[in-house]
Structures are given as C-alpha cells and as structure tokens.
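The values are calculated or read from the model by the stated rules, or taken from the named source; none is laboratory data. Note that this is a predicted model, so its numbers are computed, not measured. Cβ sites come from the backbone with ideal geometry, for glycine too, and all protein chains shown count toward neighbours. Please note that ligands, DNA and RNA were not included when accessible areas were found on the heavy atoms of the full protein model with its side chains. Shrake-Rupley method; radii C 1.70, N 1.55, O 1.52, S 1.80 Å.
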Amino acid sequence: MDDMTLDMDVETVRSLGYRIVDIVASELSDPSKRPPRPPTQSDEVLAMFDGPLPHEGTDPAELISIIENHLIPATTNLIHPRWMAYVLAGSLPLVGMMGAVISSLNLAYIDPVNTRLAKTITRWLGEMLGFGCDAAGYITTGGTWANLVGLAVARVRRAGWDVRTEGLADHPTLVAYVSEEGHSCLDKAMELLGMGRNQLRKIPVDSDYRILVDALEEDIIADLAAGLQPFCLIGNAGTVNTGAVDPLYDLAEIAASHRLWFHVDGAYGAFAAIVPESRPLFSGIERADSLAVDPHKWLNIPIEAGCILVRDWADLTDTFSLIPPYLRAAVSDSEVNLRDCGIELTRTNRELNIWLALRQYGKDRYTQLITNHLALTRQMAAWLEAAEDFEVISEPSLSICCFRFVPPDLKLQIEETESYLNDLNQAIETALVEDGRALVSGTQLNGKQVLRACIVNHRVTEAGVAQTLQILRELGHQLDGQLRTQNR
C-alpha cells in the first residue's frame, strides 16, 4: 500500500502564503477601493462557485486567483471606511493572519493552555465591562449563540426541576421577559430551548426605547396569577435599533424580588461601559447573572468572536456537561474542560483571536476608540439637527443615530407626508447601496422608515461621516425630484 498524504511541499506553502499576504496587504492599502456592498454578479462569476462535484484536484494557485479576482470583489466590504451599516465592524490584520496559523496547523482547544486562554479572556472581559473580575464564560460564534447559552443556563438554574432529564412536559410553563426592542435571536433561543417564542413576553418601551418597568411588573404579576413560572428577565445593554440601554439596575431589583435569572444582552453596546462617561448608563450590569457580548462588533475582532459571561463555571458545566465513556479517561478533575461548557466537542480555537486583540491593543486603546465613536455619533446628530433637510428620529445614547431625509419644501397633509417620507427614505437606503460610496442601513421606528448609522468600524472618521451625510443629501434631493414627478 502506497503512503498517502494531502501535504504540499514546504516551498509551495511558503510561496502561496506570500501571495495570500499580498492580497490582504493590497486590500488594506485602500479599504475603499471596493464598494461597501458588491455589485450584482454575472452568471459567469456565480458559476465559478457552482458545478458538479470535482473528481480531480485543482492547482492551489488557480484557486487563489479565483478567490482574489472573483470571490473578494463579490463580497461585502466590511473594512470600508464609510461602512456604518447594521452592527458590523472592520477587521484586525494580525488577528486575521493568525487565524490562518490556527487553521493551517489545526490548533484545537483541547489542551490546558487553551483552557487557560479561555479563563483569562473571560476574566478580562468581565473586568472590562464591570460584570466582575472573576467571571467564567464560553467563547461562541457571536451574540446569537451567546444569548442562547445564557437562556439555556437560566432554564437549568431557575426551572426548579431537573430540566435536562425531565424536559418541559408536565411542568409549569416557563416565561421570560424582554422589551419590544429585544433582538430576534432571543425569540430563536426560546424556540430552540423548547419553550416557544410565545413565552417570551415583549414589554413596551418609553420614548427613548427603554423598557417600561411598571409594565414589566404588571406582566410578571399577571403570569404568576395565571399559574405560569417566570424564570428569566433580559435587559438590553444597547439595542440594535437605536442603541437604547435599559435601566439595568431597576431590572436587577425586579429580578431579585421575583427570583428571576437576570440576563443582559450586551452583544452590541456593553463595550461602551469601558468609557468612564458612559459607565453610569450600565449601572446594574454588575448584578447580572449572565451577560452576552460580541467582541467581533466593537472590538473589531474578526468574525467569529462572541462570548457568554456567567458567575461560576458550574453554571456552564451543570447546563452542558455530558461525558461519554470514550472521553472519561481524558477528563481531569483539576481543570475546567471547555467541552463541558457548551454543546461542541470539536471546534476551532476562538479564544486566541480575542487574546491577541486585547494583548495587541489593550483596554486603553479600545477605550479611546469607543470614546471617539460615541463623539462621532453625537457630532453626526448635531449636524443632522442643524440641517434643514434631515430630521433626527432617535437621539443617540451610544453609537447609533436614526434619522431621515425630509425635503424642506414638502407640503402635504400629515398622513400623506408620512407615507411619502417612508417611501422616499426607503428609496434612499436602496440607492445608497447602488451608489457604492458609503453604507448605512435602515429600520422602522414608530411606523417611520428611517436611516440608521451605526459606528463600530475602527476606520470611520469625522470626514467619512460628513461625506456620508453629503452623499445621502444628494441622493435624497435627486430621488425626491423623481418621486414628485412620478406622483403628479
């Protein structure tokens, strides 16, 4: 039998590696050379990533050419300096390149050094965010998974029975609470955990999009009276729509009085807690039982880098640990094993990326970055307030500003005006994608279609914000003229 490996010779690896680094350096030398969103791709380009199962291999150099010349141009450009859409950030070159090392050498997470990395990172993140200096946690793919883990732990800790063994049947109905502005991933978590999204109560919000505490109390009391079992209260530490931060301290008080698990979704906004001026917004986060955060958002760490923080490693192991016989010989009682802290047995080393970023930049550099982003957002809002053709719809509390284009000479009845402005601002959002010079996203607030800028990308500058508003102004006036002509 002939020996068979899939190895390439070392010189080929070196040559391909240099070429890959050149591609990265070329993209980073001018992050704006590609538009934020790619143009529509031809069938010919799409066909390169389709076709029958290959039976013969392809030259690696040719594959790299396909990626460089066809895949990258067809991909969203998150490193663009005027990317202010959704809650997606740029990238960190060193961390990204070390990702190639992790993948090429298949550096797994099963060794003690990686457990130490996980313990160190969760401790660092807990300290940064004011959650606590002795936090435990698990590195996930992102906030969606982190929130799912948080609710899974809450279910185990507050059900009142052995939910892992007995399930949910023949037991009281478990109910959770979040504001109407809660992220959709929480609905998915309730579905996946078998409780159903109907048992996730959506509590009304005030004019600043923060949960109404009185309404929350009323719902909890009503559910208790109906024989249901409230088990978890979810606070928002920066909603994705407006950046609203719920009154976390008040929520902590309510959770304690009803013995609810207090989970905080800080996937987007919690990192603003490292800024001294913003820290009071997050008062109460130190009382949370669990906290979901996304380092691949405001810390600009390459995707995937999410994290769930809890108070004790036992919160995770009691929720997930299940050791089959073939793994028992490898178990040590002296060290937490990450495979007991989540649903995965085999996974990549996500911890190293976060460790690298925090070691390269440190808390102080990130504090400066986020402080600057908060200031840029306030400046954007000030420019919009001063303009005759824009209207701020949601004053920024963090780094999200929601606004709309309003032609200064628009004279219609109120109902007609709102309908027209909704159509106009939806058209502006679409046109901006096609324009290719900048990108903000859109959302709806109280029935109004608005434009939404979110600054977490470390490449955004004051000049870039000003340019983006000017582009939106140009598109707004152009589309307003077209729509009025069509409506005559």
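Taking the options Leu200, Leu168, name whichever one is touching a Gly at 6+ places or on another chain (Cβ under 7 Å) and not acidic (Asp, Glu).
Residue meeting the stated conditions: Leu168.
Scan the range 450-475 for residues that are surrounded by fewer than 18 Cβ atoms within 10 Å (Cβ to Cβ) and hydroxyl-bearing (Ser, Thr, Tyr) and jot them down.
Thr461
When you go through (1) in a loop (DSSP other than H, G, I, E, B); (2) at pLDDT 95 or above; (3) of a type outside the set (Ser, Thr, Tyr) one by one for Ile303, which number turns out not to apply?
Condition not satisfied by Ile303: (2).
Here are some residues: Ala47, Ala118, Ala85. Which one is small (Gly, Ala, Ser) and surrounded by fewer than 18 Cβ atoms within 10 Å (Cβ to Cβ)?
Only one candidate qualifies: Ala47.
Which residues, counting only those in the range 389-427, are within 25 Å of Arg210 (Cβ to Cβ), open to solvent by 20 Å² or more (accessible area, probe 1.4 Å) and among the aliphatic types (A, V, I, L, M)?
Correct list: Val392, Ile393.
State whether one or more residues within the range 77-92 are over 22 Å from Ser441 (Cβ atoms) and of a type outside the set (A, V, I, L, M, F, W, C).
No.
Taking helices (runs of 4 or more DSSP H) that do not extend beyond the range 154-262, which have at least 2 residues that are open to solvent by less than 30 Å² (accessible area, probe 1.4 Å) and farther than 21 Å from Arg311 by Cα?
Correct list: 184-192, 213-225.
Criterion first (over 25 Å from Tyr249 (Cα atoms), hydroxyl-bearing (Ser, Thr, Tyr) and surrounded by 18 or more Cβ atoms within 10 Å (Cβ to Cβ)) does Thr140 satisfy it?
Yes.
Condition test on Gly447, is it under 24 Å from Glu181 (Cα atoms) and loosely packed, with under 14 Cβ neighbours inside 10 Å?
Taking the combined requirement at face value, the residue satisfies it.
Could you list, in sequence order, all residues of the range 58-72 that are open to solvent by less than 80 Å² (accessible area, probe 1.4 Å) and not in a helix (DSSP H, G or I)?
Thr58
I need a count of the residues in the range 96-146 that are touching a Ser or Thr at 6+ places or on another chain (Cβ under 9 Å), among the β-branched types (Val, Ile, Thr) and part of a strand (DSSP E or B).
The qualifying residues number 1.
Any idea how many residues of the range 271-295 are open to solvent by 10 Å² or more (accessible area, probe 1.4 Å), touching a strand residue (DSSP E or B) at 6+ places or on another chain (Cβ under 7 Å) and not acidic (Asp, Glu)?
Number satisfying all stated conditions: 2.
Can you run down the residue pairs with Cβ atoms below 9 Å, 6 or more apart or on separate chains, where the first is in the range 205-223 and at positive phi and the partner is surrounded by 13 or more Cβ atoms within 10 Å (Cβ to Cβ) and of a type outside the set (Ser, Thr, Tyr)?
Tyr209/Glu180; Tyr209/Glu181; Tyr209/Asn236; Tyr209/Asn241; Tyr209/Gly243; Tyr209/Ala244; Tyr209/Leu445
Do we find that Ala118 is in contact with a helix residue (DSSP H, G or I) (Cβ under 6 Å, 6 or more places away or on another chain) and among the aliphatic types (A, V, I, L, M) in this structure?
Yes.
Hey, any hits in the range 292-310 for a residue that's of a type outside the set (Gly, Ala, Ser) and more than 30 Å from Leu94 (Cβ to Cβ)?
No; the residues of the range 292-310 include none that is of a type outside the set (Gly, Ala, Ser) and more than 30 Å from Leu94 (Cβ to Cβ).
Being in contact with a helix residue (DSSP H, G or I) (Cβ under 6 Å, 6 or more places away or on another chain) and within 29 Å of Leu445 (Cα to Cα) narrows it down to one of Gly266, Gly306, Gly238, Gly243, so name that one.
On inspection, the qualifying residue turns out to be Gly306.
Being in contact (Cβ under 8 Å) with a residue 60 or more places away in the chain, open to solvent by 50 Å² or more (accessible area, probe 1.4 Å) and either more than 30 Å from Thr12 (Cα to Cα) or in contact with a Leu (Cβ under 9 Å, 6 or more places away or on another chain) (or both) is the requirement here; does Pro112 meet it?
It is true that Pro112 is in contact (Cβ under 8 Å) with a residue 60 or more places away in the chain, open to solvent by 50 Å² or more (accessible area, probe 1.4 Å) and either more than 30 Å from Thr12 (Cα to Cα) or in contact with a Leu (Cβ under 9 Å, 6 or more places away or on another chain) (or both).
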